[in-house]
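Any read-out appearing in this document is the output of simple, stated calculations on the displayed coordinates, not a laboratory observation. Given the structure is predicted, the values throughout are model-derived calculations rather than measurements. Backbone-built Cβ (ideal geometry, glycine too); neighbour counts: all protein chains shown.
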């Protein structure tokens with residue numbers, strides 16, 4: 001699909017915002033977000049439902065329950081999914097696309113997976129019993145200066161640190177790092193994948209290039225959270241969003257698939273999830 005915002009620019013501009021001015025979203029901003037969310041599709045074929053909570057309907061914004069992590073947000077978006085295979089990846093892909101669009105509108109956001117009152121938000125959005133609510137994000141106008149608490153949170157999360165290429169991307173086997181030169185026309189998309197946010201900045205994605213196919217693996221380093229959710233699968237979806245949207249913007253054709261030949265011999269605790277295959 002064509003995205004109504006500059007993908008690469010928005011990825012570079014996006015960062016976690018925890019302090020907001022308190023200014024409500026304008027009707028135009030909220031309508032733009034809702035309209036874009038309704039147009040979103042993900043490559044995993046799993047429906048993702050978005051729930052927008054404005055200041056008034058969200059029981060006084062952050063008081064709904066973010067344990068003091070978020071200050072001054074005027075709205076939140078929650079994403080819910082059915083308990084299906086690749087649903088967490090679909091949620092990560094779709095919500096990240098929405099948050100990148102919000103970035104292009106000058107709005108701030110922040111992925112929250114464990115620091116929000118899940119039952120309070122579930123009541124506010126009238127969560128269907130069969131659905132999962134793994135994550136939410138505030139939406140609002142960022143403050144010009146980060147609060148001391150925000151700076152501490154970024155330091156604790158190691159938000160400004162990224163693993164090097166040779167720890168993330170591999171060529172043919174996991175013993176051979178993929179160089180930018182060997183990545184060729186895919187180098188930009190991989191560089192933007194590397195900038196994807198993740199829980200505790202663990203960066204659990206590992207990508208193995210075999211010809212014109214990129215196999216995505218999860219390096220598990222976190223225990224399952226509430227609802228038995230492997231939050232790192234959401235992270236894999238976020239990474240796939242950066243990679244996929246960048247390739248779309250570059251007009252490099254291909255699609256995400258589940259490949260039977262993607263399961264190469266991998267390092268310990270590293271598991272195949274899905275692939276992206278070029279379409280010549």
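What per residue convex hull volume, in Å³, comes out for the stretch 172-240 when only alpha-carbon positions are used?
Per residue, the Cα convex hull of the stretch 172-240 comes to 91 Å³.
If you average the sequence gap of Cα pairs under 8 Å that are 6 or more apart and divide by the length of the stretch 157-214, what percent do you get for the contact order?
Values: 58 pairs, mean separation 26.7, N = 58.
Relative contact order for the stretch 157-214 comes out at 46 percent.
For helix 87-104, report the angle its Cα long axis makes with the longest principal axis of the Cα atoms of the chain; keep it between 0 and 90° and round to the nearest 10°.
70
Once both axes come from the Cα atoms, what is the angle between helix 27-39 and the longest principal axis of the chain, in degrees from 0 to 90, rounded to 10?
The helix 27-39 is inclined about 40 degrees to the chain.
May I ask for the angle, rounded to the nearest 10°, between helix 231-249 and the longest principal axis of the chain, with both axes built from Cα atoms and the value confined to 0 to 90°?
70
At 7 Å along the Cα-to-beta-carbon direction for both residue 278 and residue 212, put a label point, then send me their distance in nm to one decimal.
Going from the residue 278 label point to the residue 212 one covers 0.6 nm.
In units of 2.2 N^0.38 Å, what is the alpha-carbon radius of gyration of the chain? Write out the running numbers ahead of the final one.
Working: Rg = 18.2 Å, N = 280, 2.2 N^0.38 = 18.7 Å.
Compactness ratio reported: 0.97.
If packing is taken as the average number of other Cβ atoms within 10 Å across a peptide's residues, how do 178-188, 91-101, 239-249 rank, most packed first? If you can, show how the numbers build up before the last one.
Numbers: 178-188: 15.0, 91-101: 26.3, 239-249: 23.7.
Descending mean neighbour count gives 91-101, 239-249, 178-188.
For every helix of n ≥ 4 consecutive DSSP H residues, a contribution of -39,500 (n - 2.57) applies; sum these over the chain, divide by its total residues, and give [θ] at 222 nm rounded to the nearest 500 deg cm²/dmol.
Numbers: 9 runs with 88 residues, N = 280.
It lands at -9000 deg cm²/dmol.
Considering every pair of different Cα atoms, what Kirkwood radius, in Å, is found for the stretch 1-130?
Value: 15.3 Å, from the Cα pair sum.
Using only Cα atoms, locate the centre of the stretch 176-198 and the centre of the stretch 203-270, then give the distance between them in Å, rounded to an integer.
The distance from the Cα centre of the stretch 176-198 to that of the stretch 203-270 comes to 13 Å.
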